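Have a look at the structure below, then the notes.
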């Protein structure tokens, strides 16, 4: 089976940097995804890591360490619109191509 | 603008009634996933298909839930009979084969009273 842990809630202020951590346990790791979900909306894809290291995409970056079962999502120059839930998901070979999600981290950005 | 389309967007029904949720995946995508989201459990995988064949439905209560893909443009999730504990947002997502992201529909918000 799979186990994915991430903090339930985080708060930050506009312009700041925030790091959302995710730890996972899976027997057949085959990729890690981050999704953003605004309240009442569908999850939308942010990033994908399958090899160790940092992937940068604009204000967002995602890091992966497979040996530690650890990833983080880094959000820079926070804006109010970044207030959302951030979902960590892993792909496990035992589950085929389906993504298994953590319960998400609700980020609140204040001015 | 390719997107996953789900209908209905909202459904309120009485306990014991049948509920059918529909999903039109993005044209060309060959994998389809059904997820259920609640505050307590987050996003749970219910079932998924590849090339219209069911690959995994172990997350689905078999006695009342069923998922099918009658053709490549339609996936359905049925609950019969529905129960109040089924109240949740049901998301459909589609994607291509390996190592690509899944694209989510807007969800069906189901309330069973």
Item to check | Inter-centroid distance (Cα atoms) of segment A:45-111 relative to segment B:1-57, Å | outcome: 23
Next on the checklist: Modelling each spin label as a point 7 Å along the Cα-to-Cβ direction, I'd like the residue A:81/residue A:16 distance in nm, to one decimal.
Outcome noted: 2.1
Item to check | Contact order relative to length of chain B, as percent, for alpha carbon pairs under 8 angstrom and 6 or more apart | outcome: 37
Next on the checklist: What three numbers, in Å, describe the spread of the alpha carbons of chain B along their principal axes, ordered from the longest?
Outcome noted: 38, 28, 27
Checklist entry - Across peptide A:39-47, what mean number of C-beta atoms from other chains lies inside 10 Å of a residue's C-beta? => result 5
Checklist entry - Taking only C-alpha pairs under 8 Å that are 6+ residues apart, what is the relative contact order of chain A in percent? => result 36
Item to check | For residues of B:25-35, the mean tally of beta carbons on other chains within 10 Å | outcome: 1
Checklist entry - For segment A:26-102, what does the alpha-carbon gyration tensor say about shape, rounded, prolate or oblate, given a ≥ b ≥ c as the root eigenvalues, a/c under 1.5 as rounded, and a/b over b/c as prolate? => result oblate
Checklist outcome for this item: Per residue of B:100-106, other chain Cβ atoms within 10 Å number on average 6
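Values quoted throughout were computed directly from the atomic coordinates according to the rules given, and no laboratory measurement underlies them. It should be emphasised that the depicted structure is a prediction, and the values quoted were computed from it without experimental measurement. Reconstructed Cβ throughout: ideal geometry from the backbone, glycine too, with neighbour counts over all protein chains shown.
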